[in-house]
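Read the structure below first, then the notes.
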Amino acid sequence: MSILNFIQEYTHTTTYKSFKYSFESYNIPQLNYDDKPNMVFKENGEDNPPKTIKDIRPEAKLRETIPLFKYFLDGSRRTYKVDDVAVNNKIYPILAGQIGVAVCERENPSHFQKLELENQLVLVLPKILNDKGKGTEELYFNKFNEELNQKAFLKKHNIQFSKTLFYDSESIGKDQDESDKYQKRGIAKIQDTMVGLEKKLVERLCKKGSLSENEPDKGYLIKDGSLEYSQQGVEKGYQLANLISNYRKVVGVSKSFNIENLKDKNQKSLAVSISQLPIGHRTPAYKYHHDTIGKVNFTVWFIRIRELKYSESPFAGVIKVEKIITDDNHVIGTDEVDMISANLFNERNPVCYGTDTRWANHLYPIFLTETFIKSNYLSNEYFLHLF
């Protein structure tokens, strides 16, 4: 018995025993979730913006022994193509994923430990497999998942799937590669599930008082990646008030971003000015809006944390920093922008050079958190063998 056998029996369909593989292992292009298309910065995002770039190294020197950041959040996923299924003379991919989200805590320079860890295994099927009628998809796939987890071959290996997700299986168009588009829809479902887990962990920290406003100059959290959660990644019942309240002391740091998306108020690209940032300098902070849940205001700026001459591209060594604007002034104080920037600059060392190709844009505590998450994955061979 295998998962694919169960799928055939439960759905009365035929699977094809297609080649199974991890998307990440084969370097198949993935969706870019870190950028909002065509970000135009028309307004200042700080209350006393510098007229040009600003050197944050003097403040970084002062803050070397008193770090601002105590918590480090990262989410990771491995996605797999495990087979194809035929429904109404059309072929749909069956996908699966391993998801890991963790928060690590640093009490002092020599004490770095796990604080929270969430691991999930998920299956992703086409919505068309539900034969119970429109609007019953949640019930159908939840029931499918319950019965799957009862199977002896999974219990024997102490394996449970957290949920069975489903992607839209409506036709995409004759002029497009439907298989590729369906795969991207399925991967997006896994990504959204990971985002939901990230938000739950932040909310859990807030309820425990870990991200308390009573200590304004310490205890911040770095989230790896953008804070621009898509509406699809937001669960029902999650309100704008939750987002603003929970993210007061959360900073998003992106290792990669589409520089062509970034323009100033005159629609001029910021690519050249960002690529020429000297080490230890930041850009002014800009404000932009994003319709995550209602209207959310963000402040975003860029910092060079590595020497340009040691980087393999003009943007290697530059990080994008984001923070949700949470007060009525609709900007962030320049003092806070400088404080965050100086501390991020201090987090760049030691490096993970030779271990990770993204070393120039990595902050070491985030690298450690990501490494911890991946150490808890099942091996690709073991996971695929379940199918």
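The values are calculated or read from the model by the stated rules, or taken from the named source; none is laboratory data. The structure displayed is predicted, hence computed values, not measured ones. With ideal geometry, Cβ positions are generated from the backbone for all residues, glycine too; neighbour counts draw on all protein chains shown. Side chains included, ligands, DNA and RNA excluded: accessible areas come from the protein's heavy atoms. Shrake-Rupley method; radii C 1.70, N 1.55, O 1.52, S 1.80 Å.
Brief remarks follow.
- Residue match in the stretch 289-308 (condition: open to solvent by 60 Å² or more (accessible area, probe 1.4 Å) and touching a strand residue (DSSP E or B) at 6+ places or on another chain (Cβ under 7 Å)): yes
- Pair list, Cβ < 6 Å and 6+ apart or interchain, from the stretch 66-94 residues that are over 21 Å from residue 201 (Cβ atoms) to residues that are open to solvent by 40 Å² or more (accessible area, probe 1.4 Å) and of a type in the set (D, E, K, R): 82/20
- Residues satisfying the stated conditions in the stretch 304-362, i.e. out of contact with any helix residue (DSSP H, G or I) (no Cβ under 7 Å at 6 or more places or on another chain) and at positive phi: 330, 354
Yes or no, residue by residue, for (1) under 30 Å from residue 3 (Cβ atoms); (2) assigned to a strand (DSSP E or B); (3) touching a residue at least 24 places away in the same chain (Cβ under 8 Å):
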site: 287; (1), (2), (3): no, yes, yes
site: 314; (1), (2), (3): no, no, yes
site: 349; (1), (2), (3): no, no, no
site: 366; (1), (2), (3): no, no, yes
site: 372; (1), (2), (3): yes, no, yes
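- Hits in the stretch 239-268 - residues which are open to solvent by less than 60 Å² (accessible area, probe 1.4 Å), part of a loop (DSSP other than H, G, I, E, B) and without any contact (Cβ under 8 Å) to a residue 60 or more places away in the chain: 249
- Residue check: residue 306 meets all listed conditions (1) modelled with pLDDT under 95; (2) in contact with a Cys (Cβ under 8 Å, 6 or more places away or on another chain) but one, namely (2).
- Looking only at the stretch 340-362, and only at residues there that are modelled with pLDDT of 95 or more and of a type in the set (A, V, I, L, M, F, W, C), the one that is nearest to the chain's Cα centre (by Cα): 344
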